Amino acid sequence: MCTTIGHTLAGYSTVLGTRLSLIRQWWVLFIFGVAIGNLPDIDLIFGYFVGNPNRYHHLWTHGLAFCIMAGFLSGCVYWLLTRRNGFIIGWIIFLVTSSHIVLDYFTKDTNTVKGIQLLWPLSKNFYISPLLIFWEIHKSSTNSTFIQSLLCWHNLWAILIEIAILGPIQILLWITYRMRKKRMVAGL
């Protein structure tokens, strides 16, 4: 699994590449990218309730069905609240949650069962790319040591690798976003 930093960069980058970037406040886009880009890791909370945060990690919330469900439900809620077409919002939510799945698919996994349940519920198989780009994150399987286990040199290096790979993409999309905003203000 990538870190929250990697998922945030990917989520925010995905948001900047969509029509949602027409929103004037960049911080709204950033919060949206952080929240939705990290949404599949909600499964860590479920595991926390049973004493092992990793217990349900990389299962059904790390599959395409979850991304589709998140997009569909978001589109429906948007339509109910605004009475406007929710397809675009649903599509954007699907894309941003999918960015999480893509990163985890390309992340080294040292667990006994490696990968993510990409095609759940159609298949309970786990999938992982043969080309592993990102480092795995060292983390404890007990509630009492989970947070402190994240604070290690290995994980810091993993974060730096994520920034080195995803940072240039983020910068390019940010520049594109700013140029679009300037054109909109100029009325072009």
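The values are calculated or read from the model by the stated rules, or taken from the named source; none is laboratory data. All of these numbers come straight from a predicted model, not from anything done at the bench. Cβ sites come from the backbone with ideal geometry, for glycine too, and all protein chains shown count toward neighbours.
The table for this structure:
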quantity: Residues of region 152-188 that turn out to be assigned to a loop (DSSP other than H, G, I, E, B) and modelled with pLDDT under 95, as a count; calculated: 2
quantity: Subset of region 159-188 [loosely packed, with under 12 Cβ neighbours inside 10 Å, among the hydrophobic types (A, V, I, L, M, F, W, C) and more than 18 Å from MET1 (Cα to Cα)]; calculated: ILE171, ILE175, MET179, MET184, VAL185, ALA186, LEU188
quantity: Test: residue in region 127-136 that is touching a Leu at 6+ places or on another chain (Cβ under 7 Å) and at pLDDT 95 or above; calculated: yes
quantity: Helices (runs of 4 or more DSSP H) contained in region 13-124 and holding at least 1 residues touching a Cys at 6+ places or on another chain (Cβ under 6 Å) and not hydroxyl-bearing (Ser, Thr, Tyr); calculated: 87-105
quantity: Residue pairs meeting the criteria (Cβ under 7 Å; at least 6 apart or on separate chains; first more than 21 Å from TRP60 (Cβ to Cβ), in region 76-104; second of a type in the set (D, E, K, R)); calculated: ILE88/ARG19
quantity: Members of region 41-63 that are touching a residue at least 60 places away in the same chain (Cβ under 8 Å), in contact with a Phe, Trp or Tyr (Cβ under 6 Å, 6 or more places away or on another chain) and over 17 Å from LEU150 (Cβ atoms); calculated: TRP60
quantity: From LEU9, LEU39, LEU16, LEU64, residue being within 18 Å of the chain's Cα centre (by Cα), closer than 19 Å to ILE128 by Cα and either surrounded by 14 or more Cβ atoms within 10 Å (Cβ to Cβ) or not acidic (Asp, Glu) (or both); calculated: LEU64
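Rundown of residues vs (1) of a type in the set (A, V, I, L, M, F, W, C); (2) at pLDDT below 95; (3) crowded, with 16+ Cβ neighbours inside 10 Å; (4) over 18 Å from THR3 (Cα atoms), yes/no style:
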residue	(1), (2), (3), (4)
TRP27	yes, yes, no, yes
TYR78	no, yes, yes, yes
PHE94	yes, no, yes, yes
ASP104	no, no, yes, no
